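The values are calculated or read from the model by the stated rules, or taken from the named source; none is laboratory data. Every value quoted in this text rests on a predicted model; they were computed, and no experiment measured them. Here the Cβ is made from the backbone with ideal geometry for all residues, glycine too, and neighbour counts use every protein chain on show. All accessible areas refer to the heavy atoms of the entire protein, side chains included, with ligands and DNA or RNA removed. Shrake-Rupley method; radii C 1.70, N 1.55, O 1.52, S 1.80 Å.
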Amino acid sequence: MPLVVIVVLLFLKHVPAAANLPLARAAGVVAFGYAAFLALRLVQGEEAASIDGWSELRPSMVEYFACYGAAALAVVLMSAVIFVGSIRIVDPTQMIAAFAAAVLLGAGAFGIGVGGLFTKVRWNNTLLEHQTAFGRQTSLAWSDVRSVRPNWRGITIATHDARKVTFSQFHSGAAQLAKHATNRARRNAETATKAFATL
């Protein structure tokens with residue numbers, strides 16, 4: 001995905017309508033961000049935290065970097081839109097592009113914070129509990145788990161009655177939880193198959 005963004009930015013650099021935009025610098029920022037992402041992935045913990053008999057996911061450095069980095073860039077760009085435009089005459093195309101980038105980065109930071117940093121996911125031998133950033137809590141019994149699937153938001157664990165828990169694949173311990181949930185889903189399917197065969 002970052003490589004596609006960089007190629008698109010470099011292509012747009014040669015389009016006359018976007019000639020005044022600092023697209024080469026934007027491509028550099030994307031490349032730097034992706035390099036930082038890869039570096040932080042190397043130091044990400046794979047094990048969940050253990051607290052009072054529960055295993056708990058923890059946000060990783062990747063998520064902190066993405067959330068606070070995007071928020072900081074959004075503030076810088078919005079400040080440039082507000083203050084630079086009032087000091088000197090700037091190309092309207094650059095102002096619109098900076099404003100759009102600030103809004104997108106701010107929305108991305110908010111989404112990462114709500115979907116990753118400020119959620120709580122923990123589990124033990126019988127239950128999986130998920131609490132959103134707004135305090136909504138969902139509990140799933142492992143015996144009800146039907147499937148584990150990756151999607152654009154992370155990894156979703158679903159039950160037979162369509163209840164779901166989605167968590168970020170970048171959390172420390174996410175691979176451990178996904179493996180545990182997959183094993184439970186497979187065991188539940190085998191049990192259901194055996195029960196159906198005996199009828």
Residue match in the range 43-58 (condition: open to solvent by 30 Å² or more (accessible area, probe 1.4 Å), part of a helix (DSSP H, G or I) and out of contact with any helix residue (DSSP H, G or I) (no Cβ under 6 Å at 6 or more places or on another chain)): no
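For every residue, the table says whether it meets (1) part of a strand (DSSP E or B); (2) in contact (Cβ under 8 Å) with a residue 60 or more places away in the chain; (3) polar (S, T, N, Q).
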| site | (1), (2), (3) |
| --- | --- |
| GLU63 | no, yes, no |
| ALA74 | no, no, no |
| PHE83 | no, no, no |
| ALA100 | no, no, no |
| LEU105 | no, no, no |
| VAL114 | no, no, no |
| LEU128 | yes, no, no |
| ALA158 | yes, no, no |
| ALA162 | no, no, no |
Index of the failed condition, TYR68 passing every other in (1) under 19 Å from PHE118 (Cα atoms); (2) part of a helix (DSSP H, G or I); (3) touching a residue at least 60 places away in the same chain (Cβ under 8 Å): (3)
The range 94-127 - residue that is closer than 25 Å to LYS179 by Cα and open to solvent by 70 Å² or more (accessible area, probe 1.4 Å) and, of those, nearest to the chain's Cα centre (by Cα): PHE118
